[in-house]
Each structure stands twice: as C-alpha cells, then as structure tokens.
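Data first, discussion second: the structure below is written as structure tokens.
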2 protein chains.
Amino acid sequence: MTREVVLAARPEGEPKASDFELRETPDAVPDDGEVVVRNVFVSVDPYMRGRMTGIRTYVPPYEIGGPLDGGAVGRVVESRDENVAAGDWVVSQLGWRDRGVVAGSRLRKIDPSVAPPTTALGVLGMPGFTAWIGLLDVGRIQQGETIYVSGAAGAVGSAAAQIARLKGLRVIGSAGSAEKVEWLRTLGVEAFNYRETRAKEALADGIDVYFDNVGGSQLEVAISALRDHGRVIACGAVSRYNDARAEPGPRNMGLVITKRLRVEGFIIIDHFKRFPEFIAEALPWVRSGELEYRETIVDGLENIPDAFAGLFRGDNVGKMLVRVGPDD
Amino acid sequence: MTREVVLAARPEGEPKASDFELRETPDAVPDDGEVVVRNVFVSVDPYMRGRMTGIRTYVPPYEIGGPLDGGAVGRVVESRDENVAAGDWVVSQLGWRDRGVVAGSRLRKIDPSVAPPTTALGVLGMPGFTAWIGLLDVGRIQQGETIYVSGAAGAVGSAAAQIARLKGLRVIGSAGSAEKVEWLRTLGVEAFNYRETRAKEALADGIDVYFDNVGGSQLEVAISALRDHGRVIACGAVSRYNDARAEPGPRNMGLVITKRLRVEGFIIIDHFKRFPEFIAEALPWVRSGELEYRETIVDGLENIPDAFAGLFRGDNVGKMLVRVGPDD
C-alpha cells in the first residue's frame, strides 16, 4: 500500500493537524515509460501554504481530498523507462507520500557520490536556485553593495546570504533565534535576532538590496533603509501566508519614486533554463564548503503536517525535510 | 525691480496663501557668461510640493525665505554669453519670478517657429519627456498591451496616454471631471471619472502596465488588475503629497511575487541624456497633431501660489502654467 498525506480542509490561519489526513491507497502500477519511486525525503515548503487556499496563482491550487504534490527525493524501485534504472536516486514532484509512479521523463537523476541526495531539495535544489536567480537576475547584485536578507537562516535565505557573500557583498541577515543567529555569524553574515533587535537599527547604515523572504513589516523598514537605485527581490512572504485577511502594506511607497527603487517579484519555475548554470557555479561551492547548508530533518510520513506548520513557527534551521523511508 | 514668490512657511497639508510671500528685490546684474532673462511662463509642478517639506530627496529642499526654483520659459533681455542673444526664447530653472540672471550655459534655447514656447514646459518639456521615459525605459511597453494611466488629463498623464496609444497600446485613463474625460475620449483613451466610477470596475479586464501619477489607493487596485509580468511605472503620487502623515500602502503586495510584477520608480533628471531622442520622436507628433496637448494658463505672478495649490484640486486640464509677463 502507498501511504500519503492529503488535504482534508483548507487551512484558516496556521495549518493544523485536522487540515490533513493520512490515507492508504493500493500501489499504482507503472505503464511504459513510467517509473516506481520510493520516496526517501519529502520537502515541505512555505509556498505550499498558498496552494492550500484554493486560489489559482502561478500553480493550480491543491484540491480537498487530493494529493499534495511537491519536491521529493527517492530511489527507483522499478523502471519502465530506459533512461532510469532501479536503484537510481531521483528528484520528483511526488510530494507527501512514500511511493509513487511517475513518467521517467519527469525525473531528474542525482548522483549521491557528488553531493548528499538531500541537497537536491535544498542548497542544490529549488531553494538554492531561487536564491541564486533572485540575487543575480532579479536583484542584479554588484560587488561592494550591502544586502539585507530576511529569513536568513531558512533554506532560501541561508543560500542567498552566502551567495551574496561569495559575490563580494556585505550581508545583513535576520533570523528568529539565538542558534540561527550564531550559525549565520559563522558564515560572515551580520546577523540579528528580529525578536530582540529592531530591523530599523540593524539597517541604520543603509542597504542597496533587500532579499525579502518574509514580507510584512520588514518590507517597509527595508524600503526606508534602501539607498538610491535600491532593489527589492520579492521572493517570499512567510510572515503573511497564514493571514486570514489582507494587512496594510508599506506606508512609504512614495520612496519608490524619490529613491528610484525597483521592487520585483519572481517565481522560480520561470527560470529553469538557467538551472544547469546554477549547478555549475554552486556545486563546487558546496563541495569545497564555501557554501554551507543545514537541514532540519523530521522522521515519519505522519509528521509531515507538523513539520510543515513548523516552517511558520521558525522551527527549521536551513532546509526542513521529512524522512519517509530508509535513506540507503 | 525683480518680483518673486518665495517660501514663507513649510506647508502643512494643502499649500495655502500664507505659505508664500511676494517679494521685490533689486535686479541682479550679469557677469561674464551670464544672461538676463525676462520670464514669460512659469511652471507649477506637483513635485515642487515635496521640495517644500524640508526633507532632502533627489533635490535639495526649498529654504524658508528662499526662492522657488523651477521650470520657466522667457526671453533674453541682455546677454554676456556669446551663444545667446537678446530676444532669444529660452528655458531656464529660474522659477517663480519675473526676471533673473543665469549662466548662459544653463539655458536651453527654443525656436518658437517650431512649436509654441509653452510646449517647452509641457508636452515637449519635462512632463512629456517624463511620460516617454516612463513608458519606454521603465515600463518597457509593448504593442498590443493594455495600460492604465492615472491622472490621465494632467501634463504627464495626457502625454503618457497618447504616446502609449501611438505605440499601439490599449489605454485606460482616469481623470476627475467630465470635461477631462471628454477630452481623453477624443484622444482614443478609454477614460473614466474616478469620482463616479470605481477603478476596480474600469480595470476589470486586466492590465499589463500601470503608469502611476497619483499613488494611494489606485496603486492597490492596479496591482490587483495587473496580469502576470505586469509593471508599475511609479512616476508620481499627487494624491499623497499633501498627506500630513504616512498612510498605509497596498494590502496586496504579495501579488508582486505570485504575478512576478515589477514596481519601479524613476526621476526624470537621471535620464537627460535621452532628451534629444525624445524630441526627435515627439516633435513630429506634436507638429502633426498626433500628440495633442492642453494648457491651463493663469495670469499674474501673484497668482502662482493658487495655481500651484490648484494642481492638487485638479484645476488643470493638461499643463498648468502661469503667465508672468507679455508673451511676445
């Protein structure tokens, strides 16, 4: 039997246990060109909260009673695709389940001798790629500039903060615990705990770029701190995804004109063409240790909903993952 | 004697008569390289409100008791610069006065046989150039797109709406009176009176670009109406310049991410290099009548403060000017 977590109800506010349901279904059987994958690590990502609300944005919403697709890494159990063999490590969009059948053409093979398979969901996967595209293509960062990264200890934030450092920027980062701040400082980030220090003080010297992972009040503070021709990389708004109603936005939008700011949003799925270039640059950094990563790994498929809710409580340092099967 | 309007007090809220003072000073005498200019038309512009607040932005603030620099066209009375001759029509930054002395190198000569001198302060001057740069370089408009221009009957807005039409866009425009709406409709603009029709309804089909001249609540409505990859040309915020305190911003900034929007501000003084290209494109349009303009001309130097205040009441159709001397 295949075990999976499905959406039982559209969450109101913070996602809770009763919004999800554990279901067992008979194993699907592969057709020609399809592959059976046993999931090992399943990704929980803040953007999934948006898909649970039922509003179509850049991806269709999740349906009540339907599966929760998303990033996962696993091993091929059986293959009817000549390009994939049993035993291969693969990245899929199988999501919150322990097993699934998928077209071989939709899998990306990974080599566990090059980097641990979990990195394909984190620093060398969608979060790392999001950080890289945001900095280079959206923010167009320049050596010598100062950047502020909010949510800097998260999967995207920690990659963004370090890539910015590697590109010669001064990096200020916010996080929500002493442990996270401590880690960021070892990475050369001027980190502060936003629960203790006001961002306004931390940014008093001014910034050139703001990498926004959290939305809300931080955006207003950053707009005030930005110098002329500053940019906001609008990447995420984790502080807002659970809002039941829309909250007022920045009161200082007039500064966008007087300081000639650019506030630009992006969605990583528009940029996949550049993924090979990202890997070519980031893999050596990861292998040399110049680009560090942390993972918060929760065990057990049944704990996926709580791990997901934990993203909004800031439970994770680095990438939050759930192990749903043996990782060998 | 030179008559000039100076700043008597920093306005709080809407500018009022007592914020200004009429002053007479002895005529300045030109040095080598300098020129005496008799102002004919003086420009009043919404951006001047910002300079009256005392906060340095992209230009220094006006000082209490000090002159109010700004665009003006006039005629040369006496020249000690070999490139300028008595009788020449010139554009200067002499501002709210009837006469002044300025370095000849800081004047731009205009030929009244090519276009009426007032156009150098409007459709062929800073407002028209602002519209052109905003559309082309900031908004990067494309034929076939739909654009919404707020304040579409103003000096910048009416140029923006028409240039967008000339570039093959569908144009929706807002204005605050039946007369303005009527004019815009003759220009091929789908105009609505924002005092009678909700912008949300007028934009129900969706837009690709928003040319923002007014700020405030229109920005939120436009962000909701923008399609994927939409742009906001953040040009002005005339609805906000008199605010005593900062008002909450758009509640829908999250859409900047999901719709991959770009909100970008600009200041025309950064773009002067492109002015000749603008004139090369816009002058034939003006001469052929493809690019129309209107002017609201108030007579008398002493009426400058009220003409200026009128900008925020929407008194002007097209460019607001004050005639401070004989125009022949």
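What follows draws every value from the coordinates through simple rules; no lab data is involved. This one's a predicted model, so the numbers in the text were calculated from it and none came from an experiment. We place every Cβ from the backbone using ideal geometry, glycine too, and count neighbours over all the protein chains shown.
Summary of values
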{"read-out": "Efficiency of FRET from Cβ geometry, A:Asp299 and A:Leu166, R₀ 35 Å, rounded to 0.05", "value": "0.60"}
{"read-out": "Region A:149-247 - charge dipole about Cα centre, Lys and Arg +1 at Cβ, Asp and Glu -1, debye rounded to 20", "value": "160"}
{"read-out": "Proximal lysines to B:Lys259, defined as alpha-carbon separation beneath 16 angstrom and excluding residues fewer than eight positions away on the same chain", "value": "none"}
{"read-out": "Least to most buried among A:Asp45, A:Asp299 (fewest other Cβ within 10 Å first)", "value": "A:Asp299, A:Asp45"}
{"read-out": "Highest-first arrangement of B:118-131, A:237-250, A:111-124, where packing means the average Cβ count within 10 Å", "value": "B:118-131, A:111-124, A:237-250"}
{"read-out": "Average projection area in nm² (convex hull over Cα atoms of chain A, one quarter of hull surface)", "value": "16.3"}
{"read-out": "Eligible lysines near B:Lys319 by straight Cα distance, threshold 23 Å, same-chain separation 8 or greater", "value": "B:Lys16, B:Lys109, B:Lys167, B:Lys180"}
{"read-out": "Acute angle (nearest 10 degrees) that the helix A:304-313 long axis makes with the longest principal axis of chain A, alpha-carbon atoms", "value": "0"}
{"read-out": "Length-normalised contact order of chain A in % [C-alpha pairs under 8 Å, at least 6 apart]", "value": "19"}
{"read-out": "Angle between chain B longest axis and helix B:275-288 axis [Cα atoms, degrees, rounded to 10]", "value": "80"}
{"read-out": "Shielding of B:239-252 by partner chains, average beta-carbon count, 10 Å", "value": "3"}
{"read-out": "Per-pair calculated FRET efficiency, R0 = 41 Å: B:Arg313 and A:Leu136 via Cβ, rounded to 0.05", "value": "0.30"}
{"read-out": "Inter-label distance for A:Met1 and A:Ala28, nm, one decimal - labels placed 7 Å from Cα along Cα-to-Cβ", "value": "1.9"}
{"read-out": "Rg(Cα)/(2.2 N^0.38 Å) for the protein assembly as shown, N = residue count", "value": "1.14"}
{"read-out": "Rg to Rh quotient for region A:129-176, alpha carbon positions, Kirkwood Rh", "value": "0.93"}
{"read-out": "Other protein chain Cβ atoms within 10 Å, averaged over every residue that makes up B:18-30", "value": "0"}
{"read-out": "Highest to lowest packing among A:175-184, B:142-151, scored as the average C-beta count within 10 Å", "value": "B:142-151, A:175-184"}
{"read-out": "Inter-chain shielding of A:229-236 (mean C-beta neighbours from other protein chains, 10 Å cut-off)", "value": "3"}
{"read-out": "Linear extension gain, B:Thr53 paired with B:Asp243, 0.36 nm per residue minus alpha-carbon span", "value": "67.3 nm"}
{"read-out": "In sequence order, calculated HN-Hα J values of region A:136-153 (Karplus, 6.51, -1.76, 1.60; Hz; x Gly/Pro)", "value": "7, 8, 8, x, 6, 5, 10, 3, x, 7, 10, 10, 10, 10, 8, x, 6, 9"}
{"read-out": "Å³ per residue enclosed by the Cα convex hull of region B:245-328", "value": "214"}
